[in-house]
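See below for the structure under consideration.
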Amino acid sequence: MRLLAYLLAILCAVAAVMYFAMPAGSLPEFVPGYIAGSDHIHVKRAAIAAVAAVVFLVLGRFAGGSRR
């Protein structure tokens, strides 16, 4: 559970950086929000992905056993 939460946090953080740094036309075609030729930056999608990354980090920290 802990490993899965950390992996999802990493994926969400990468998605947030991609949404902040790349216009919609430069995103890979398989990423939601891709719009051919668009210069729009998906700020809301980036913010949601960043929040999800933080949530998964917190979940990973407190999930699983009591090992430290």
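Please determine whether any residue of the range 32-43 is modelled with pLDDT under 95, under 9 Å from the mean Cα position of the chain (by Cα) and surrounded by 13 or more Cβ atoms within 10 Å (Cβ to Cβ).
Step one: list which residues in the range 32-43 are modelled with pLDDT under 95, which gives 32-43.
Subsequent filtering for residues that are under 9 Å from the mean Cα position of the chain (by Cα) retains none.
So far as the range 32-43 goes, no, none of its residues is modelled with pLDDT under 95, under 9 Å from the mean Cα position of the chain (by Cα) and surrounded by 13 or more Cβ atoms within 10 Å (Cβ to Cβ).
List the residue pairs whose Cβ atoms are under 6 Å apart, where the first residue sits in the range 2-15 and is within 13 Å of R45 (Cβ to Cβ), the second is assigned to a helix (DSSP H, G or I) and modelled with pLDDT of 95 or more, and the two are 6 or more positions apart or on different chains.
That search, which allows pairs on different chains as well, returns C12/A49; C12/A52; C12/A53; A15/A49.
With Y34, Y19 as the choices, which residue is part of a loop (DSSP other than H, G, I, E, B) and without any contact (Cβ under 8 Å) to a residue 40 or more places away in the chain?
On the way: Y19 fails: part of a loop (DSSP other than H, G, I, E, B).
Being part of a loop (DSSP other than H, G, I, E, B) and without any contact (Cβ under 8 Å) to a residue 40 or more places away in the chain holds for just one of Y34, Y19, which is Y34.
So is A16 out of contact with any Ser or Thr (no Cβ under 7 Å at 6 or more places or on another chain) and surrounded by 12 or more Cβ atoms within 10 Å (Cβ to Cβ) or not?
Values: out of contact with any Ser or Thr (no Cβ under 7 Å at 6 or more places or on another chain): yes; surrounded by 12 or more Cβ atoms within 10 Å (Cβ to Cβ): yes.
Yes.
Looking at the structure I just gave you, is A47 surrounded by 14 or more Cβ atoms within 10 Å (Cβ to Cβ) and under 29 Å from F62 (Cβ atoms)? Before you say what the answer is, go through the steps one by one.
Details: surrounded by 14 or more Cβ atoms within 10 Å (Cβ to Cβ): no; under 29 Å from F62 (Cβ atoms): yes.
For A47, the condition - surrounded by 14 or more Cβ atoms within 10 Å (Cβ to Cβ) and under 29 Å from F62 (Cβ atoms) - is not met.
Looking at the structure I just gave you, is G60 assigned to a loop (DSSP other than H, G, I, E, B) and not charged (D, E, K, R)?
On the way: assigned to a loop (DSSP other than H, G, I, E, B): no; not charged (D, E, K, R): yes.
Here the answer is no, as G60 does not meet what is asked.
The values are calculated or read from the model by the stated rules, or taken from the named source; none is laboratory data. No experiment lies behind these values; they were computed from the predicted model shown. Cβ atoms come from the backbone with ideal geometry, glycine included; neighbour counts cover every protein chain shown.
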